[in-house]
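Q: Attaching a single structure in structure tokens format; questions to follow.
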Amino acid sequence: VQLQASGGGLVQAGGSLRLSCVDSRRTFNNNAVAWFRQAPGKEREFVAGINWRGGDEYYADSVKGRFTISRDNPKNTVYLQMSKVKPEDTAVYYCASAYSSATARKSDQYRYWGQGTQVTVSS
């Protein structure tokens, strides 16, 4: 497994959670990274992304102002800090490494994917 996501779990609405994704094979090098999610019965959707050097973060409108993406390149790790979570944030969250250093929102622009971590928000 090249990308290992962790940190998911059960959290109450309004609470916080931090997801981590570790890249064991340096697929993050020079590439943008993103988090996607997929809820039951729904298509996978973009959540947040960050360019290679950081400083250019972008978010889905549904999470803007609540979630923060960051990366620690020396540690080959990307994070998703989730705050003020809502029941509609319930999904399996996936990290992904893009084909390039530029920001990207479409799943077909990402080459490597983690196995996903379940986030469940109770009301």
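Q: Scan the range 92-109 residue by residue and report those that are surrounded by fewer than 22 Cβ atoms within 10 Å (Cβ to Cβ) and either among the aromatic types (Phe, Trp, Tyr) or in contact (Cβ under 8 Å) with a residue 12 or more places away in the chain (or both).
A: Selection gives Val92, Tyr99, Ser100, Ser101, Ala102, Thr103, Ala104, Arg105, Lys106, Ser107.
Q: Would you confirm, using the coordinates I've provided, whether Arg71 is in a strand (DSSP E or B), among the charged types (D, E, K, R) and either modelled with pLDDT of 95 or more or open to solvent by less than 50 Å² (accessible area, probe 1.4 Å) (or both)?
A: Judged against the criteria, Arg71 is a match.
Q: Only one residue in Arg53, Arg71 is in contact with a helix residue (DSSP H, G or I) (Cβ under 9 Å, 6 or more places away or on another chain) and closer than 15 Å to Thr103 by Cβ, so which one is that?
A: Arg53
Q: Is it true that some residue in the range 45-62 is under 19 Å from Gln115 (Cα atoms), open to solvent by 70 Å² or more (accessible area, probe 1.4 Å) and at pLDDT 95 or above?
A: Yes, there is a match, as at least one residue in the range 45-62 is under 19 Å from Gln115 (Cα atoms), open to solvent by 70 Å² or more (accessible area, probe 1.4 Å) and at pLDDT 95 or above.
Q: Restricting attention to the range 1-19, and to residues there that are polar (S, T, N, Q) and in a strand (DSSP E or B), which single residue is farthest from Gly114 (Cα to Cα)?
A: The extreme case among them is Gln12.
Q: Taking Gln115 and the conditions (1) surrounded by fewer than 21 Cβ atoms within 10 Å (Cβ to Cβ); (2) touching a Leu at 6+ places or on another chain (Cβ under 9 Å); (3) not in a loop (DSSP other than H, G, I, E, B), which numbered condition does it fall short on, given that it satisfies the others?
A: The single condition Gln115 does not satisfy is (3).
Q: Then there's this: Can you tell me which residues in the range 74-90 are surrounded by fewer than 22 Cβ atoms within 10 Å (Cβ to Cβ) and not acidic (Asp, Glu)?
A: Answer for the range 74-90, where residues must be surrounded by fewer than 22 Cβ atoms within 10 Å (Cβ to Cβ) and not acidic (Asp, Glu): Pro74, Lys75, Asn76, Thr77, Tyr79, Gln81, Ser83, Lys84, Lys86, Pro87, Thr90.
Q: Which numbered condition trips up Val22, out of (1) open to solvent by less than 60 Å² (accessible area, probe 1.4 Å); (2) without any contact (Cβ under 8 Å) to a residue 60 or more places away in the chain; (3) part of a strand (DSSP E or B)?
A: Of everything listed in (1) open to solvent by less than 60 Å² (accessible area, probe 1.4 Å); (2) without any contact (Cβ under 8 Å) to a residue 60 or more places away in the chain; (3) part of a strand (DSSP E or B), Val22 misses just condition (1).
Q: Something else now. Of a type outside the set (A, V, I, L, M, F, W, C) and within 19 Å of Gly8 (Cα to Cα), is that true of Arg111?
A: Against the criterion (of a type outside the set (A, V, I, L, M, F, W, C) and within 19 Å of Gly8 (Cα to Cα)), Arg111 does not qualify.
Q: Could I ask something else about it? Out of the range 25-54, which residues are within 11 Å of the chain's Cα centre (by Cα) and either of a type in the set (Val, Ile, Thr) or part of a loop (DSSP other than H, G, I, E, B) (or both)?
A: Val33, Val47, Ile50
The values are calculated or read from the model by the stated rules, or taken from the named source; none is laboratory data. Everything numeric here is computed off the predicted structure, so don't read it as measured data. We place every Cβ from the backbone using ideal geometry, glycine too, and count neighbours over all the protein chains shown. Surface areas here come from the heavy atoms of the whole protein model, side chains and all, with no ligands, DNA or RNA. Shrake-Rupley method; radii C 1.70, N 1.55, O 1.52, S 1.80 Å.
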